[in-house]
1. Would you check which residues across the range 214-234 are of a type in the set (Lys, Arg) and buried (at least 24 other Cβ atoms within 10 Å of the Cβ) and list them?
2. Among the residues that make up the range 61-79, is at least one of them in a helix (DSSP H, G or I), out of contact with any strand residue (DSSP E or B) (no Cβ under 6 Å at 6 or more places or on another chain) and modelled with pLDDT of 95 or more?
3. Looking at the range 260-285 only, could you name the residues that are touching a Phe, Trp or Tyr at 6+ places or on another chain (Cβ under 7 Å) and over 22 Å from Leu222 (Cβ atoms)?
4. Looking at the range 343-357 only, could you name the residues that are more than 14 Å from Gln411 (Cβ to Cβ) and either modelled with pLDDT of 95 or more or open to solvent by less than 40 Å² (accessible area, probe 1.4 Å) (or both)?
5. Of all residues in the range 550-584, count the ones that are under 29 Å from the mean Cα position of the chain (by Cα) and of a type outside the set (Val, Ile, Thr).
6. Being under 25 Å from Thr81 (Cα atoms), assigned to a loop (DSSP other than H, G, I, E, B) and among the basic types (Lys, Arg) narrows it down to one residue among Arg549, Arg508; which is it?
7. So, of the residues in the range 272-287 that are at pLDDT 85 or above and farther than 15 Å from Val656 by Cβ, which turns out to be surrounded by the most Cβ atoms within 10 Å (Cβ to Cβ)?
8. Please list, ordered by first then second residue, the pairs with beta carbon atoms under 7 Å, 6 or more apart or interchain, first in the range 486-503 and farther than 19 Å from Ala110 by Cβ, second at pLDDT below 95 and in a helix (DSSP H, G or I).
Amino acid sequence: MAARSGAAGGEPGGPAGAPATPGPGAHGLRPWSARLRPWSARLLPWAVGLLAGGAALGPALGPGYVLRYDMVFVPDLSLGTVLAGADGFPRAVPSDAVVAALSGLLPGDAVQALLLLAVFAVGGAGAADLSARALGGRGPARAGVLAASAAAGLAYVWNPFVAERLLLGQWAMLLGYAGLPWVVGAVARSAVVRPAAGFAGLVRALVPAAVGGFSSVVLAGLTAGPVAVLRTRGAGAPADGPTPRPEAAALPEGPGGRWWVRTGLLLLALLTVALPWLLPSLTSGAGTDPGGVEAFAARSDTPFGVAGSLLLLGGVWNSGAVPPGYGEPVTAAVRMLLCLMALAGWAWSLRRARPAFGAGLSVAAAVGLVIALLGTTAPGREAVAGLIGVWPGFGVLRDGQLYVAPLALVQALGLGAAVLWLAGSPADGASAAPVVGARSRGAGGAPGGDGTATGRAGSPASPVVLWRVVVAVFAGLLPVVSLPGLLWGAGGALAPAAYPDAWLEAQRVVAADERPGAVLVLPWSAYRGVDWSGRPVVVLDPATRLFDRRTVWNDDLVVGTPDGGAVVVTGEDARAREFAALLRPDPATGLPESPDAGVLAGAGVRYVAVSAPVDNQFWSGVDGLSVVVEGDDMVLIEVQDQHIKADKAHVPGLEVTGGLVTVGAIIWSMARSGSSLVFQCSGPSSGPGARKEIPK
């Protein structure tokens, strides 16, 4: 066997069999640079995510509240109100509860900025770490693998899927999306540890999905389920390739090596984190409108049609959520090039690195793409509508574009592999061009007997190597080049704003009133234009979250169609439908003609909040109604009737039970490992104003 050439750190040197000469690293005293290297490899993925988040969010990280579509943060959100007001299908209970809990420690706008930045940090770090483990493991991290993993992390958080969902305001779902790489890694690790340890790792990895709620848990199950069933041994190099390094070999499978054990642990973990919304949904009486299947179907936002748009990770149903400049011929062509390069890199990675999760993740991506296409065909829409008829929870399938998330992870990991190949650095066991600073190796991966190395440190790098490095760097930055519209808050679309004084005064007045009674929010429409935010934007009425008691509002959704029409998707709150029958609001204004204070009191309403400028002052001259706060775009009206039939607010036991079980399981899982999501390993360690329609 050829001997190693001399190196610092006490490596063998000189003739074969000669004693090693102690170096600076002898007797356990490693130089500071060697001690720093593992930490730099660990912190780099988080740095990539944070930098990407800063560049994408920009002004959204400043003071004030970013209001856009479903993204509504308010000052001093009440935790009791979140739990007591879980009407309809309570998919938002976990995320709202976390926001309310954090709002007790930090200002509401700081909580929003922290959670938005967490999407990029957690997602980028997870994808980068998973890529590094798939391509080279930890150990002494090679520069090529680190660069490839950074490219994977950037690609995972900088793509049309993230941009469009962010512009839709779906931050909670994106937080669950950010956790997908961690879940995949935890499933792979569950095969080599005891079941209790595997379950604890899965619960830790599912924390982002637990916060994200219903759709996030469904995405986690779709992505990780096939991985649990189809996990393979990491075989390292192909039979005709060089012998992989010892630390790249697959670890022996433990008690969780059987597919049914892994799958059972995953299902149990998913059920555990889903309890906060699953238990109350069983008694909520919510309904889901099958008409939303067509309204929320994927649509084309590139020249490549619906299927091509989904392949590029776009295709969201709402044209108002498409980032500036996306879909133009040039950017679409660059995005297609990036997509093809990423898929080719993934295929190369499957053949060379053979990650244990490769087959399962490929199946998850394919199944997700099929689900995304269901709403674009008549038979597919009928199938989804039939499922909704069986259980309203299947309504989550209406928004088909959501399910390209596993494909986004595949493309991110594939781009990392492509960057590694372009740079000339092979995956474990794969042959490729020499790398700057790499030792030449003979059979079995040992250094060449002559001790020479192509591109050795201190030697001038060849033009070919430099050219490959330049191409690899450009490929790694292609996600930003193909999607510049996400920069700096999507061109200012995510600019923060301050709530007007009248809104804050109305919040204080209601909070100071200890008498029971709900707040009725008018105009009777879910989404509206908010002009005081600094720029006109369509947003879920912030008044629905502003008050510390039960609010009643219209959760019907008006979706514009490509032909200029509109589709009304019926909401899920049964009580809102009862109020619509009592109020009989004017469809054009969303305001009642002449409200009766007695009717409102009989329905349990204590206050009416008119949260938009209106010409029809319907409350004028009505006995039993008095204005207590009046501003340009907020009027708070008190119902004076002394016989308001209002039930005292209470927190249902199902929400408490589900929340306590989930929180207890998360605390147990972290205490068991003495770690958190941030530092847990993602896989087997292989080394040491007016009512506005939402546009279609």
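1. Arg231
2. Yes, the range 61-79 contains at least one residue that is in a helix (DSSP H, G or I), out of contact with any strand residue (DSSP E or B) (no Cβ under 6 Å at 6 or more places or on another chain) and modelled with pLDDT of 95 or more.
3. Within the range 260-285, Ser284 is the sole residue that qualifies.
4. Arg352, Ala353, Pro355, Ala356, Phe357
5. Matching residues across the range 550-584 total 11.
6. Arg549
7. Selected residue: Val273.
8. If the second residue must be at pLDDT below 95 and in a helix (DSSP H, G or I), the pairs left are Pro500/Trp532.
The values are calculated or read from the model by the stated rules, or taken from the named source; none is laboratory data. Model, not experiment: these values are computed from the prediction. Virtual Cβ from ideal backbone geometry, glycine too; neighbours counted across all protein chains shown. The accessibility values were calculated without ligands, DNA or RNA, using every heavy atom of the protein model including side chains. Shrake-Rupley method; radii C 1.70, N 1.55, O 1.52, S 1.80 Å.
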